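Presented below is the structure to which this report refers.
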Amino acid sequence: MRTLLLRFGAPFIAILVAQALFPQWFAVRGLGGAALFALVLGVLNAVVRPILEMLALPITCLTLGLFHFVINAIVFGIAAWLVPDVQVNGFLAALVGALVVSGVGLLMSMVVREEA
């Protein structure tokens, strides 16, 4: 249950937080759009992201792991592209969105761990 909450809840809350913090970069049409985005992002993180990380391993090693941010932004951008109710304006917005999702996920995992 906790894993499901983190996998689905973190992106759901994060896209709403990102829209509130950066309205010029993010637009979400309703809670249904945010929920669909969270579902798509979860699937992409489970399927596409490991493949991208494997292919980008040499670049990731050369950049001392900083290329993971780029991979997260790419996956975030793909999820926004697949969900018509979510609009992300550019690569920098996708990078910020991925950072917000990571931060909200970290905070949620800390809260869920304390409750358990």
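We did not get these values from a lab; they are worked out from the coordinates using the rules stated. Just so it is clear, the model here is predicted, and its values are computed rather than measured. FYI the Cβ positions are ideal-geometry reconstructions off the backbone, even for glycines, and counts take in every protein chain you see.
Screening the chain for DSSP H helices whose Cα atoms reach 27 Å or more along their own axis and whose mean Kyte hydropathy is at least 0.5 gives 30-55, 91-115. When you count the other C-beta atoms within 10 angstrom of each residue and take the mean per peptide, 32-38, 55-61 line up highest first as 32-38, 55-61. Take the Cβ-Cβ distance between ASP85 and LEU55 as r, set R0 to 25 Å, and report the resulting FRET efficiency rounded to the nearest 0.05. After rounding to 0.05, the efficiency reads 0.25.
Below 8 Å, C-alpha to C-alpha, sequence gap of six or more: please give me the relative contact order for the chain in percent.
Once normalised by length, the contact order is 37 percent.
The helix-only estimate of mean residue ellipticity at 222 nm for the chain, built from DSSP H runs of length n ≥ 4 each weighted as -39500 (n - 2.57), is -24500 deg cm²/dmol after division by the residue total. Given 25 °C and 0.890 mPa s, compute D for the chain with the Stokes-Einstein relation, Rh being the Kirkwood radius over Cα pairs; round to the nearest whole µm²/s. D, rounded to a whole number, is 171 µm²/s.
If only the Cβ of Lys and Arg carry +1 and only the Cβ of Asp and Glu carry -1, the dipole of the chain around its Cα centre is close to 80 debye.
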